[in-house]
Amino acid sequence: MKSTKPVVWINVFTAKPGKLDELVATQAEELLNFKNKGVHGWISSRWHRSVDTNKAIMMTTFESIEFHKSWLEKTDFSEHFNKIKHLIEGAEGGYYTLVEKIENS
């Protein structure tokens with residue numbers, strides 16, 4: 001699979017009432033699986049939870065959209081989705097590329 005500019009898949013999850021903690025724990029476990037399994041084309045992930053709502057945001061960087069789509073088609077993803085679908089009211093995602101990075105170093 002030809003690699004192009006890295007892309008970030010940003011997914012905003014809305015957890016069912018009282019299910020945010022379980023969703024956060026389940027997704028955190030899946031991120032460790034990414035690292036341990038060596039998901040092809042995966043670069044990194046960041047997992048954030050809201051401090052005052054039932055939302056969480058996953059930002060996952062892949063080498064290209066094609067690598068991400070390839071992972072979505074695998075059995076591992078469908079098995080993982082089955083673990084979390086009862087925890088979420090919905091999810092909204094999209095692909096993004098870095099435009100500017102400013103750090104206080």
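Just so you know, all these numbers are worked out from the coordinates, no wet-lab data involved. This is a predicted model, so every value here is computed, not measured.
One table, with the values for the structure above:
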quantity	calculated
Rg to Rh quotient for the chain, alpha carbon positions, Kirkwood Rh	0.98
All aspartates and glutamates inside 16 Å of Lys16 as judged from Cα atoms, apart from same-chain residues fewer than 8 positions distant	Asp52, Glu89, Glu92
Degrees separating the helix 20-37 axis from the principal Cα axis of the chain, which is the longest one	30
